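Single-structure report; data block below.
The values are calculated or read from the model by the stated rules, or taken from the named source; none is laboratory data. This one's a predicted model, so the numbers in the text were calculated from it and none came from an experiment. Here the Cβ is made from the backbone with ideal geometry for all residues, glycine too, and neighbour counts use every protein chain on show.
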Amino acid sequence: MAELEQLVELCRKLGAPPGQAATMAAQLQKRATQLAGERGVAREAAMKYLLEVLVKGRHGEISADNLPDRPTPSMREKIVALFHATYGRAPEIITRAPGRIEFIGNHTDYNGGTVLGAAIDRGVWVALARRADGQRLFFSDQAGEVVALPAGSAPIKLEGPQSWVNYPQGVLAALPAFGLRVPAGFDYAAVSDLPIGAGLSSSAAIELASGLAFLEATDQHPSRETLVGIGKHAENNFVGVPCGILDQGVSGFGRKDHLVFIDCRGPRFATVPLPAEAHFWIFNTHTKHALVDGLYAARHRECMEAAKALGVSLLADVSPPALARGAAGLSPVALKRAKHIVEEIARVDATMRALQSGDLAATGQLLTASHRSSQHLFENSTPELDFLVDALVALPQVHGARLTGGGFGGAVMALTGPAFGEAQAANVADAYAGKFRNRPDVLHALTGNGAERIAPDSQP
Ligand code: GLA
């Protein structure tokens, strides 16, 4: 008897109401697969554990607390286990791409300016094996349901719980625009250790990890610039967000203990060493403005209109004195938006100089100035983000703090010295919880390398 039928039978025997045994059985299968991936154990072991829990009649949510202890699996072990549990075979290709911190250069990227970011040591891992039957199967540890799409048909935008597949699909749709071939059928799995919705750009990470996997599967090896361009193309044209190059550029060019500098007009990428005593702390508020996508697009539009009114194609072409001269021709709102961008680009230059001389105090002041400009001129901050920045910059171990990413909710990033630790972070989180009745997640983020292929049999 197939596993599903056996489970349906068991659920019936255990007293599942009529008509619900099949649903319960399917949930058990899904949970076993997830649990196997999360714990890095064989799916059979996870299923055995779940059945014991069920048969012994324990109440409450099925948890993994009583699974035999194993060392926390590495991400490579997790993706291999998840792939095996889902597809019953080993992957041929494994790739990973990191999330990113926006260090400074807020909304400067699509205005043709400069920006600094850091790849972190967390990200999205993708595993893939080719199939001969022309089916493309997608599975993620976050979604728990295999999505099957025939390779022959044009990519279609999915909604609801399947919408994560739009990222790899967007990459498939982008490849021909770069003169590249798309893989035919394959089994695909993704796992992530990036906090979701923390403004650390899990979307760029899945785009780049997917892009690299699809290129490996078709034995194509374009430049890193092309890989980054493919990710951005997917985001702009398939997912539908008019973002700039920051997220994909940092995920592609990241380097441990370095920042990534991007001159977005080229685009041109470089890495800048980060002083060893610099630390990043991320405070994720879990708040998100209901209209965040629309507000991002609105800022994009306002910037383009301001550039047009100033007689240039992009705001990066406007110097601070030129903006002062053209100010009378702008509406008050357009002037505020333009001032943020023009001054923010100048702050990126100043940050480069401060970093070159190892001056973290000056760097931190520039980060905080960037936040104040978001708060008052670009108006993409929120009371929650402002509260965190105020609380952080009041501490002597903090060099500076700012919102990171698009804004309108999300996360604050603090640049600190080594004396800032869990205790200080907890105090800030407590103060926030006292005011907003919701505790932010705190992450001490370490820098990491950019997108890469991992040999399936390499050590973690
Ligand atoms: C988001 C976008 C980036 C960039 C930032 C703001 O993260 O994806 O391209 O515009 O916002 O700087």
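Count, please, the residues in the range 68-122 that happen to be in a loop (DSSP other than H, G, I, E, B), within 14 Å of the ligand (Cβ to nearest atom) and not β-branched (V, I, T). I'd like the intermediate steps shown before the answer.
Going through the range 68-122, the residues in a loop (DSSP other than H, G, I, E, B) turn out to be 68-74, 88-92, 105-108, 112-113.
Remaining after also requiring within 14 Å of the ligand (Cβ to nearest atom): 105-108, 112-113.
Of the ones still in play, those that are also not β-branched (V, I, T) are 105-107, 112-113.
Residues that pass the stated criteria total 5.
Yes or no, residue by residue, for (1) crowded, with 21+ Cβ neighbours inside 10 Å; (2) touching a residue at least 60 places away in the same chain (Cβ under 8 Å); (3) farther than 26 Å from A119 by Cβ:
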| residue | (1), (2), (3) |
| --- | --- |
| T404 | yes, yes, no |
| G409 | yes, yes, no |
| V412 | yes, yes, no |
| A429 | no, yes, no |
| N438 | no, yes, yes |
| V442 | no, yes, no |
| N449 | no, yes, no |
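Just to be sure I understand the filter: pairs with C-beta atoms under 6 Å, separated by 6 or more residues or on different chains, first member in the range 327-352 and assigned to a helix (DSSP H, G or I), second member surrounded by fewer than 16 Cβ atoms within 10 Å (Cβ to Cβ). Which pairs pass?
G329/A309; L335/A327; V342/P320
Can you tell me which residue in the range 193-244 is nearest to the ligand (Cβ to nearest atom), limited to those that are of a type in the set (V, I, T) and buried (at least 24 other Cβ atoms within 10 Å of the Cβ)?
Selected residue: V228.
Give the residues of the range 146-174 that are in a loop (DSSP other than H, G, I, E, B) and either surrounded by 15 or more Cβ atoms within 10 Å (Cβ to Cβ) or modelled with pLDDT of 90 or more (or both), sorted by residue number.
Filtering the range 146-174 down to residues in a loop (DSSP other than H, G, I, E, B) leaves 146, 151-159.
Listed by number, the residues that qualify are V146, A151, P155, K157, L158, E159.
Based on this model, can you work out whether R255 counts as closer than 30 Å to S357 by Cβ, within 16 Å of the ligand (Cβ to nearest atom) and among the basic types (K, R)?
Numbers: closer than 30 Å to S357 by Cβ: yes; within 16 Å of the ligand (Cβ to nearest atom): no; among the basic types (K, R): yes.
Here the answer is no, as R255 does not meet what is asked.
When the range 197-231 is examined, which residues are found to be of a type in the set (D, E, K, R) and more than 17 Å from G123 (Cα to Cα)? Reasoning before the result, please.
Step one: of the range 197-231, the residues of a type in the set (D, E, K, R) are 207, 216, 219, 224-225.
Correct list: E216, D219, R224, E225.
Restricting the search to the range 253-309, which residues are free of Cβ contacts under 8 Å to residues at least 60 places away in the same chain and among the acidic types (D, E)?
Of everything in the range 253-309, those that are free of Cβ contacts under 8 Å to residues at least 60 places away in the same chain and among the acidic types (D, E) turn out to be D293, E302, E305.
Which residue out of A451, A425, A455, A411 is under 30 Å from E225 (Cα atoms), small (G, A, S) and more than 18 Å from the chain's Cα centre (by Cα)? Please lay out each step first, then the result.
Values: A451 fails: more than 18 Å from the chain's Cα centre (by Cα); A425 fails: under 30 Å from E225 (Cα atoms); A411 fails: more than 18 Å from the chain's Cα centre (by Cα).
None of the other options fit; the residue is A455.
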